[in-house]
Amino acid sequence: MTATLPASVTTTHTVPAAAPGVDSLDAVIDQACRTLRLPTIGARFEELAAAAMREQATYKGFLLTLLDAECEHRDERRKTRLVREAHFPRAKRLDDFDFTANPNVVPEVIHTLTAPGWVTAGQPLCLIGQSGTGKSHLLIGIGTAIAEAGLRVRYTTTANLVNELVEAADERQLTRVLNRYSKVDLLCLDEFGYLDLDKAGAKLLFQVFTDREERSAIAVASNAPFSEWNQTFADKRLCSAIVDRLTFNGTIIETGTDSFRLRATQQRLLG
């Protein structure tokens, strides 16, 4: 028995007319991929179909190849989007970091931080060292790796964050801004301790730390040791509370005092 559709039933999609020289079946496949939002399959089905025919793949094998290609490309697009949304000021990867130039930085320790476990556990990270020792490179490189692992990351300087919070408080938008930052899995704060903060700014920054405590991770890069942070924060008790939150169950990496950036410049000048 042959089943037929009732006359009253019509298809929801019309088959597009094929352009001259284009196979009508290819046009239907292309339209279906657009409808289902499968751009990789739409772009590569002819190539993958030809390969499947050469290899005499089964129908299931061919389907798996199509789905693998779509998933892989979708994963790459998501990584790119998450890195872009992190707002890194420049591209820095850990693969480009010269560990031989700074023996204080242990590559095995740094590479453990590319796995997102410490971020999902809400553990802090502190990079402490003088200018030119690679703190920002490490901060951005680690943040990039975490974003590519599928987590939400946001980079900013401490001064920019405090300014944003102060402006939001003045405009009665503080809750909205705090909520936006609370949604990121890893907050990367660069240039921590470069700017002296008044009591109001320090309290707003402390509120960010409190909201994220043991729930969402913070990574900071500072050119000052903990003992000098009381110069940044006018309130010593507030400073102590911030240090506690940035060190409890956290990782502390000291990048040293020898600027390899300055050393490289001097060597270049000497020829």
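Full extension of the chain between Thr58 and Ala241 gives 59.6 nm of extra length, using 0.36 nm per residue less the Cα-Cα distance. The residues of the chain expose on average 61 square angstrom of accessible surface per residue, using a 1.4 Å probe on protein heavy atoms. The angle separating the long axis of helix 236-247 from the principal Cα axis of greatest extent in the chain is about 40 degrees.
What is the percent carbon and sulfur in the accessible area of the chain, measuring with a 1.4 Å probe over the protein chains and ignoring ligands? Please report the intermediate quantities before stating the final value.
Values: 8730 of 16490 Å².
Percent of accessible area from carbon and sulfur atoms in the chain: 53.
For the chain, the relative contact order is 22 percent, taking Cα pairs closer than 8 Å that sit 6 or more residues apart in sequence and dividing their mean separation by the residue count.
The values are calculated or read from the model by the stated rules, or taken from the named source; none is laboratory data. Keep in mind that what you see is a predicted model, and the values were worked out from it rather than measured. What goes into the accessible areas is simple: the full protein's heavy atoms, side chains included, and nothing from ligands, DNA or RNA. Shrake-Rupley method; radii C 1.70, N 1.55, O 1.52, S 1.80 Å.
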